[in-house]
Structure formats: structure tokens, C-alpha cells
1. Residue 199 is checked against (1) more than 30 Å from residue 292 (Cα to Cα); (2) at pLDDT 85 or above and fails just one. What number does that condition carry?
2. Taking the stated definitions as given, is residue 234 buried (at least 19 other Cβ atoms within 10 Å of the Cβ) and touching a strand residue (DSSP E or B) at 6+ places or on another chain (Cβ under 7 Å)?
3. When you scan segment 160-173, do you find a residue that is of a type outside the set (Val, Ile, Thr), modelled with pLDDT of 75 or more and surrounded by fewer than 17 Cβ atoms within 10 Å (Cβ to Cβ), even just one?
4. Run down 49, 53 and say which single residue is of a type outside the set (S, T, N, Q), modelled with pLDDT of 90 or more and in a loop (DSSP other than H, G, I, E, B).
5. Restricting the first residue to segment 320-335 and requiring it to be in a loop (DSSP other than H, G, I, E, B), which pairs with a second residue that is modelled with pLDDT of 85 or more meet a Cβ separation below 6 Å and a spacing of at least six or different chains?
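The values are calculated or read from the model by the stated rules, or taken from the named source; none is laboratory data. Quick caveat: nothing in here was measured; it's all calculated off a predicted structure. Ideal geometry is used to build each Cβ from the backbone, glycine not excepted, and the neighbour counts take in all protein chains shown.
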Amino acid sequence: MCSEQYLPYLILDYTRSIADIYTAATRAAINVEQSLAIFSQIRPSKKGPKDLPSWVPDLRERRTYGQALGLSSPEGKRYFDASDHRRPHIVETSSPRRIGLRGIKLGQVTRTIDPQLFRISSLQDWDLSDDRFELSNWREIFRQGALRLNLPSSCIRTQDFFVGLSDDILFHRDEQLLPSIDKLLAIALRRTLTADAYPHPFRSRTPKQKWEAEFPDYAIWAMNGSSFEIPREVVLEHDLYIAQVLHKRSLYIVGQEPDDVFLCIASIDVRLGDWACILDGGDMPVILRPRTPCSSPQQDDEGQTWEFLCEAYLDGIMDGEVIYSAHTAATFILD
């Protein structure tokens, strides 16, 4: 924020509070960078300067919340694009402590799921006398987990059919023409619990160099042909990454049938009734809490203000898939 581009937004005034300075700096970052990437630095339950608005990060903290999820590179590049390359649409407000942003409502948080109900690491459930177990066993763990969590079938995204079919072709396990619903839910659950950062034989969101560094044991296994038996080290590496993703986070269901339903990972501070939204210019969906109850996507938000809680991973919409769908556009006044 030391470049000349920021000078019109930053005023040297030693009488201003830290909260006012951070608010001006955050607004400057949004205008100059034409992005909401700075929101990745907002930590839920933050203990920042007094009177800091919910949409303003504590700029004394260096490590971003997004990097903890593996969502950005050390150079700052982000691997998601939920708003499909849109730029922030800022709406003027009556108070400098507030910011108005255009976006869309995806749905309310309708269910909280304790990830501990699904114990990812199931090494103790299998015979590992040779420190390996069958790939089919690993898949069965996620299938049983999806059933145990009673995930709705509407969480399945279209892409899961292609992933399921490619898995069948690659590993020659299933003879059926189409993957079962149980298998598709297992795929969605596995992808969500890793925030889509875990590599796949046919598709990886992050560059090969990054995932090879992040998952060295998987890289060695894949280099040797990804046999039907998985080394113990690969499973432990995978479980450790999921534990990192779930640190101070939980699994949620957003929306309810017959509308769209999404698997979501977000802060443990999220509550039932909070809203998942996509703001123009945002790489990630966000969770917002209305200051007054808001129960319908079509409800008139005139006069409504929102508390910014956190960024979130919502499975299947991280690349702008819903921007042009029938979701309700709105102006969100954050304070």
C-alpha cells in the first residue's frame, strides 16, 4: 500500500483512530486492486483494534486466512474465481465505516455438520499389516462417511459424473455405466473436505509444482503409477491436510431443496440463518450475517446491514458457475 496509486485514498492525519486508518486502507485496496482479495485477511472472532468494522481486517496480521486453506500461492495468486472475473461494484453509503457491494445470495446456512462424526482417518479399521490398503477401501470410507452424514443428493454437481466415470475407467473397478449416488456423494465430500486442493489424476486446481511440494508422498505414489494399494504415508498425508482445512472450521449445508444445495466449509463461528453470498470482485464466496432477520432470497434488503464473517468454500461454484444463474442480485451494506 505504499505505491502512488494509494495516495488519493490515504490521508496523513495523526488524529485518526487505528480503526479509521485500517478502514481507509481496506477501501483503498479494493479500489486500486479492483478485487476483494483483501477480505482473505479477515479472521473470524478477530480481536483487532476497537470499533473495527467487520469487513476490515486487522492489518497487523501478515498471514492470510486464505493461505491457511491452501487457496493462494506465496506470490498471492488465487486459484478460485467465484465471481467470474467481475470487478467490485461499490455502492456509496452514508457512513465511511460502511461499504456497499453488489453480489448475489446463494442461500442460508440450513444445517451444521460436525466433521468429527465422520472420522477421516480409518487406518484402524483395515488390516494394515503390510502398511497398505486397497484403493477401494479408501473410497468406501468416504462413501460410508457421506451416508453417515446423511448428505442430500442435491449436493452432487454435474462434474461429479465425469469424475466418477473417469475413476472407473482409470481403476477398472466398477462395471456399471453410471456412478451410483453414494459414490457421487463420496466424491463431493472428499473434494469439499480438502477444499478442492488435493490432486486428481485427470485434474488438479493447483499447479503441479505446488501440489508436489504440498503432497510429496502422493507425488511419489502417482509417479510410480498410482497402484490399487495406497501406501500408509499417502493416507496420513491426506488426513493431515484435511485436519488443517478443518482447523477452526466446520462443514455446513447451504440452501434447501427445491433450490440449490451446497456443501460448505467455513469458520466454526457460522450459525444457522447466516447467508452464503458471492460479491462482485470476490474470488471466494463469503458468509454474511444480517443485522436483522432475513429469511428469503427475494426479501427486500432496503435498510439491511450485514456483518462480514468469513470467506468460505462452497463445492461446485468456485469458478463462477452460478453468476449467470437465477440467483437474486442484491446490494450488501457491510458494517
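1. Condition not satisfied by residue 199: (2).
2. The answer is no for residue 234.
3. no
4. 53 is the lone residue from the list that is of a type outside the set (S, T, N, Q), modelled with pLDDT of 90 or more and in a loop (DSSP other than H, G, I, E, B).
5. Going by the 6 Å Cβ cut-off, the qualifying pairs are 320/81; 320/84; 323/84; 327/104; 328/105; 335/53; 335/98; 335/305.
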